[in-house]
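Reviewing the structure listed below.
The values are calculated or read from the model by the stated rules, or taken from the named source; none is laboratory data. Keep in mind that this is a model prediction, so the values were computed, not measured. Cβ sites come from the backbone with ideal geometry, for glycine too, and all protein chains shown count toward neighbours. Just the protein is used for accessible areas: all its heavy atoms, side chains included, with ligands, DNA and RNA removed. Shrake-Rupley method; radii C 1.70, N 1.55, O 1.52, S 1.80 Å.
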Amino acid sequence: MALLRSMWGVLSALGRSGAELCAECGSRIRLPFSFVYLPKWFSSALASYPKKPMTSYLRFTKEQLPIFKAQDPDAKNSELIKRIAEIWRELPDSEKKIYEDAYRADWQAYKEEVNRIQEQLTPSQILSLEKEIMQKRLKKKALIKKRELTMLGKPKRPRSAYNIFVSESFQEAKDGSSQAKLKTVNENWKNLSSSQKQVYIQLAKDDKIRYDNEMKSWEEQMIEVGRNDLIRRKMRNPSKDDTEEY
């Protein structure tokens, strides 16, 4: 995850717009209570908010990437960035200082502009901003968590009988909008007999068994790599009956 976040920051600094990288994300502003993200939806009040300056490393990467790309046009950006990172680590301190001094100068100008904008905010704007920021943070945190679990191979949750029926029906339906299809599927589900629904109920039970088996194996792997925080509570705190068997 740390590597992904690092590459995300590099690509962002290399000219990718915020809308392309993360429609919900923005810069950070120093408010009296904390460091918080400034979403782009608040542009009506802070249209001139400055872009956060690049770090010395990102500045170096932006400078070197076009050179490396010209030398090896078929290489992926991720591979080129790894090469640049190795060069940066071996760069003499005297040469790094050039980029670090430029970053400090930009950071000072950035802080001054942030302070100027902050003085224009009313108390109601700050309260409104704080509320919206917390919502965006929670949403972003949940998204990051979901991506991490996907990367770690967490099994997909079991489907209900109705969801299996919907998925099957959507694959068979070819014409019409999604909303019209869903309406038709709902009506078809209601018109199924008990024996017909039983087929999907059994499929759902089988899928639940599949999920339980895969989760057990996955959680054992997570324990081995030290990610006990991803284990379900009932697995971390087994019941007294379970422990008495051992």
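Observations on the model:
- Using a Förster distance of 51 Å, the FRET efficiency for K197-W88 (Cβ separation, nearest 0.05): 0.25
- Accessible surface comparison of T150, T55, probe 1.4 Å, protein chains only, largest first: the order is T150, T55.
- Remark: the Cα gyration tensor places segment 56-152 in the oblate category, a/c being 1.5 or greater and a/b not exceeding b/c.
- With a 1.4 Å probe rolled over the protein heavy atoms of all chains, the accessible area of M134, M54 falls in the order M134, M54, largest first.
- Within the full protein context, the accessible area of D206 is estimated at about 80 Å² for a probe radius of 1.4 Å.
- Put the Cα centre of segment 97-130 next to the Cα centre of segment 185-227 and the gap is 51 Å.
- Taking label positions 7 Å along the Cα-Cβ direction at both N188 and I223, the computed distance is 4.3 nm, reported to one decimal.
- Figure note: R147, R59, R233 ranked by solvent-accessible area, largest first, 1.4 Å probe, ligands and nucleic acids not counted: R233, R147, R59.
- Take the Cα of Q135, step 7 Å toward its Cβ, do the same at F170, and the gap between the two points is 2.6 nm.
- Cβ-Cβ FRET estimate between Q118 and L143, R0 fixed at 41 Å, reported to 0.05: 0.90
- Anisotropy class of segment 161-230 from Cα gyration tensor, a/c 1.5 cut: prolate
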